[in-house]
Ligand code: NDP
Ligand code: 8G0
């Protein structure tokens, strides 16, 4: 990792993976995998381009566009597009790197990639969004395709933007194909794709709870702290409520909304109200002052939920963005009684936070917190994208029940794979739960490394 430009988020993601491989018995058993790690850490290709578009005042606007085509050993590059002012190459490389191993864990044939732009969709008109998407895809369409690279949405990119981009791809390439996922239902989208990431996180945590309590407990009665209020947070919250848990917080980039008392939960209706304002890209703060919300919730400007919950926390689901749990917040979650933390967001925890969680797991044994990294816990989103690709290729549409049951099975397999791999390569101390971060990293990495070896990518 020497002589590299300064890429802090990518370095963080690389070190997180590399340290779990180093601290396991993997390199003792297979020293040749050190070479594979060096090779897999360099993207196969990075595309960077200029996006020029016209705003509603007829002014020229310029943004940067990117696609990191990180690894295609297991299938076409696959991963979302992020539109957010913070987007840069370091962030997209970290996301693309994690995507490689996550996609391997789904068991489907997908490589890893990520892209996006520093374009800020907030405060833009529908026409501005459309003109930006058309301009972005005019360049990106040269580099993607159903068998080459299949993007989707991520932060700041919803079904609306996917639609504008799909339309432009189809026009320029004269090809109707499954080149994007997260499409609309009448034009090739899969049922359950919008729900998949949030539902999948909750399905994954159901297995954690079942395993850690020997089948004695479930989501029923659990108090669940969630951050974010976008796609992932909304559907995670709805599934928690469906399973009998209480959602005690949500948040956005401007602040956190938490229950005032120790009783109760966000209701399905309240989550739908928040979802409706997010379609218009408004802030939670606008709702917080209404009578319906201010009587039940406290809004804390500029805060994250973790240290602001009144009463006990059983489960934490960071679902907004990277590095949204610090080391101190990790300690506060443990002090509040939290036993399960699973990332809906990618790299939701800082390395300090992971170190706190992992130390607690290995020393406090059955009373400890159990941490699941995003590349395992949030794999349901890309998994259903893989199912959308399969449906597009076969020109069929599966029912909600069919897709949901496949999603459940993929999350179960992902959990069991991480668990079994941890037991094999990263034996926990006696009485402690296995490390899901080590197990998932090793399982994803070895699958990709073996395929790359078969292809002659390293020897
Ligand atoms: P959305 O754009 O729908 O929602 C993002 C949420 O996070 C919003 O509440 C937003 O607040 C908040 N947020 C965004 N950036 C920041 C920031 N810098 N600081 C604080 N809060 C922030 O995105 P998704 O729900 O799709 O994505 C959330 C996370 O889940 C991301 O890490 C994404 O990569 C990951 N993920 C998403 C998948 C998917 O299928 N969508 C699949 C797997 C992982 P505001 O509304 O104020 O902007
Ligand atoms: O469907 C996808 O390819 C996709 C979209 C957004 C995020 C992710 C992810 O796994 O982080 C995947």
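A short reminder: the numbers here are calculations on the coordinates, not readings from a lab. The structure presented is a predicted model; accordingly, all values stated were derived computationally and were not measured. Cβ sites come from the backbone with ideal geometry, for glycine too, and all protein chains shown count toward neighbours.
A few points about this structure:
- Burial ordering of 86, 295, fewest other beta-carbon atoms within 10 Å first: 295, 86
- The length gained on full extension between residue 455 and residue 187, counted as 0.36 nm times the residue separation minus their Cα-Cα distance, comes to 93.0 nm.
- Cα gyration tensor category, rounded, prolate or oblate, for segment 390-459 with a/c compared to 1.5: oblate
- Cα-only Debye scattering, segment 134-178: base-10 log of I(q)/I(0) at q = 0.31 Å⁻¹: -1.33
- Potential lengthening between residue 273 and residue 88 on full extension [0.36 nm per residue; Cα-Cα distance subtracted]: 63.4 nm
- Rh by Kirkwood over Cα pairs, then Stokes-Einstein D for segment 118-230 at 1.567 mPa s and 4 °C, µm²/s: 78
- Computed on the Cα trace of segment 205-349, the radius of gyration divided by the Kirkwood hydrodynamic radius gives Rg/Rh = 0.94.
- Cα gyration tensor shape for segment 171-278, rounded if a/c is under 1.5, else prolate or oblate: oblate
- Prolate/oblate/rounded label for segment 24-147 (Cα gyration tensor, a/c 1.5): prolate
- Taking a quarter of the surface of the Cα convex hull of segment 214-257 gives a mean projected area of 3.3 nm².
- Calculated FRET efficiency for the pair residue 217/residue 262, C-beta based, R₀ 22 Å, to 0.05: 0.70
- Longest to shortest principal axis, alpha-carbon extents of segment 12-79, angstrom: 62, 24, 15
- Cα centroid separation - segment 218-258 against segment 25-78, whole Å: 31
- Distance between modelled label sites at residue 281 and residue 19, nm, 7 Å Cα→Cβ extension: 3.6
- Using the Cβ-Cβ distance between residue 61 and residue 328 with R0 set to 45 Å, the FRET efficiency from 1/(1 + (r/R0)^6) comes to roughly 0.70.
- Taking only the Cα atoms of the chain, the ratio Rg/Rh comes out at 0.95, with Rh defined as the Kirkwood radius.
- Approximate spin-label separation residue 170-residue 367, in nm, with each point projected 7 Å along Cα-to-Cβ: 6.0
- Projected-area average for segment 58-111 over all orientations - Cα convex hull basis, square nanometres: 4.4
- In this structure, residue 6 and residue 120 have a Cβ-Cβ separation that, at R0 = 22 Å, corresponds to a calculated FRET efficiency of about 0.40.
- Zero-based 5 Å bins, Cα pair distances in segment 291-375, whole percents: 3, 15, 25, 24, 16, 8, 5, 2, 1, 0
- The chain: antiparallel DSSP beta bridges as a percent of all, rounded to 5: 60
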